[in-house]
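Participant: Okay, handing you the structure first.
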Amino acid sequence: MPREYKTYEEFRNNYKPSQRWEFFDGNKTNFNIAHECIDRHPKDKTAINIIFDDGHRETYTFGTLARLTSQFANTMEKLGIKQGDSIALAMNPSLEFYVSLHGILKVGAVVVACSPLFGTEAIEYRLNKSNAKMVIINESGKDLVKPGLVQRVITAEELMGLIEKEDEHYAPHTSLDTLAFMQFSSGTTGLPRAVQYHHRSVGVVAFRMKFFVGLRDTDNYFCPSSPAWGHGIWYGSVGPLIFGNAIGAYSGRFSAETLLNGLEEFEITNMYATPLIYRRIMETGKLTEYRLKLRRLTYTGGALDIDVIRYFQDKLGLVIQANYGSTETGGFLSDYAFDDWAPKPGSLGKPLPGVKVAILDEGGRELPPGKVGQIAIRYKEGGAWTKMGDAGYVDEDGYFWYKNRIDDIIISSGYTIGPIEIENVLLKHPAVKEVAIVGIPDKDRGEIVKAFIVTDREKNDALKQDIQDFVKTRLSRHEYPRVIEFVDELPTTPDGKIKRKELKLREYERAKKTM
């Protein structure tokens, strides 16, 4: 039986990484994510709950998922797919998506997750980099795959008919070291980098689901992140199934009110989401109008505004708790789901047992509590630091705090300006729906602050002046946006992070042409 820890101190002093394998049936030479997530659980138990953007819901059992994934794996073998071959998926959450994802894992092939919102070039890049043999995509996106890129394109609409006559049983032949996923990191400039994960990676997910997400046997769990990125894959499509809990997913164009309706209907008790999701819920002003049964809220994927944290704390009596890391490192700073854990709202929590996290200065030296530097991690004593590119500090109690992306810092007339603080103030203005702050070239000041703003108001100079005055009265006068551009939308990664670097690069290219 997996060990239980009641307190953070007990956990910190006694947990060893080897204990994560107590959550599974398999061993080093015989281990498969799909078996651990699906086949070993009661067939009549709910495995999938999906909220669709048109308001309808779908629910499926472990028995259905076990049968269909086995049929899928048998079909792939007949089509010539072998262990190690890559198959790209470009679908929103649906039965077809989960059958494909876990069916690929059963056969020992590699899942290449792509967003259904990608254009032709984005898909082509990932198919080429992963050497994908096949793409499974909705009929509406089929034309995005250029002829000759892969051996076969299967549409979601034809998938069930293709596999329906195959054997309903399949025995996986994978190990902990079999490649399982190829994810592409959502860089804000340059080309995305492929990051590979093996079946053993699920051990870290089990650890986080248990001790950070705090998943209980009785929980109804929900993760509204897109499965086109790591959070939606590991903690939306894999994590809950390890423990026999159902996937809770949102499919299609996001609406906070549609989500709230689904949380009520599925009686969700535990939600793990991104900051953007929580902000959208707050903006409805309708959180308390729903009969919600939420008991734990967690987030990852960026900084969470303290106003959002306070809103949920006020309305539900729950502190939204943090997990911090990256695609390459995994999460390594967290709040924890223990009886004695005291969260500090807005902090990133404390490090995992056995890892070293520090704040480093520009020379790579550790800084004392309270001093701002770059967040860094190393997994082995004496090993190299992995720098996160984020500025932060650690307090006297050992809690880490995020400041901003180091590359996003604006230097104007000698002042060091972080965009997050300005964005948080601007979001309090009634006309500002979304905003991104970047530094743009200025011959006198080096850089000045520019705001890209999405608004539903009439776009005119009077509104610009009102927004500028709003910031001047709330922050230092050198921090107000000297330039404002109204836009219809902001460029974002699949997980909702604003691509500030893309906006900044655009401004610097524009400046070059006018020099």
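Participant: Quick test for you: out of Ala436, Ala384, pick the one residue that is touching a residue at least 12 places away in the same chain (Cβ under 8 Å), in contact with a strand residue (DSSP E or B) (Cβ under 8 Å, 6 or more places away or on another chain) and among the small types (Gly, Ala, Ser).
Facilitator: Answer to the selection: Ala436.
Participant: Here's something else I'd like to know. Residues that are buried (at least 20 other Cβ atoms within 10 Å of the Cβ) and assigned by TED's automatic domain parsing to the domain that holds Ile242: find the strands (runs of 3 or more DSSP E) completely inside segment 33-151 holding 3 or more of those.
Facilitator: Details: elements: 46-52, 57-61, 86-90, 110-113, 132-137.
Hits in segment 33-151: 46-52, 86-90, 110-113, 132-137.
Participant: So which of Arg295, Arg365 is touching a strand residue (DSSP E or B) at 6+ places or on another chain (Cβ under 9 Å), more than 27 Å from Ser225 (Cα to Cα) and of a type outside the set (A, V, I, L, M, F, W, C)?
Facilitator: Answer to the selection: Arg365.
Participant: Test Ser237 against the stated conditions and say whether it is over 23 Å from Leu304 (Cα atoms), without any contact (Cβ under 8 Å) to a residue 40 or more places away in the chain and hydroxyl-bearing (Ser, Thr, Tyr).
Facilitator: no
Participant: Quickly run through segment 305-318 and pick out the residues that are over 18 Å from Ile420 (Cβ atoms), touching a helix residue (DSSP H, G or I) at 6+ places or on another chain (Cβ under 9 Å) and surrounded by fewer than 19 Cβ atoms within 10 Å (Cβ to Cβ).
Facilitator: Scanning segment 305-318 gives Lys315, Leu316, Leu318.
Participant: A further question on this structure: On the basis of being assigned to a loop (DSSP other than H, G, I, E, B), within 24 Å of the chain's Cα centre (by Cα), charged (D, E, K, R) and surrounded by fewer than 19 Cβ atoms within 10 Å (Cβ to Cβ), does Arg216 make the cut?
Facilitator: Details: assigned to a loop (DSSP other than H, G, I, E, B): yes; within 24 Å of the chain's Cα centre (by Cα): yes; charged (D, E, K, R): yes; surrounded by fewer than 19 Cβ atoms within 10 Å (Cβ to Cβ): yes.
When the stated conditions are applied, Arg216 passes them.
Participant: Are there any pairs with C-beta distances below 6 angstrom linking a residue in segment 242-257 that is at positive phi to a residue that is among the β-branched types (Val, Ile, Thr) and part of a loop (DSSP other than H, G, I, E, B), with the two at least 6 apart or on different chains, and if so which?
Facilitator: none
Participant: A follow-up question, please. Listed residues Gly262, Gly285, Gly302; which is exposed (fewer than 15 other Cβ atoms within 10 Å of the Cβ) and small (Gly, Ala, Ser)? Break it down stepwise before answering.
Facilitator: Values: Gly262 fails: exposed (fewer than 15 other Cβ atoms within 10 Å of the Cβ); Gly302 fails: exposed (fewer than 15 other Cβ atoms within 10 Å of the Cβ).
On inspection, the qualifying residue turns out to be Gly285.
Participant: Separate question: Please name all residue pairs, on different chains or six or more residues apart, with Cβ atoms under 8 Å, provided the first residue is in segment 353-369 and is over 26 Å from Tyr8 (Cα atoms) and the second residue is small (Gly, Ala, Ser).
Facilitator: Leu360/Gly373; Leu360/Ala376; Asp361/Gly373; Glu362/Gly373
Participant: Hey, among Phe338, Phe400, which residue is modelled with pLDDT of 90 or more and surrounded by fewer than 21 Cβ atoms within 10 Å (Cβ to Cβ)?
Facilitator: Phe338
Participant: Among the residues of segment 158-180, count how many are out of contact with any Ser or Thr (no Cβ under 8 Å at 6 or more places or on another chain), assigned to a helix (DSSP H, G or I) and either in contact (Cβ under 8 Å) with a residue 60 or more places away in the chain or surrounded by fewer than 12 Cβ atoms within 10 Å (Cβ to Cβ) (or both).
Facilitator: Looking only at that region, the number is 2.
The values are calculated or read from the model by the stated rules, or taken from the named source; none is laboratory data. Predicted, not measured: the structure shown is a model, and the values here were computed from it. Positions of Cβ are generated from backbone atoms using ideal geometry, with glycine treated the same way; all protein chains shown enter the neighbour counts.
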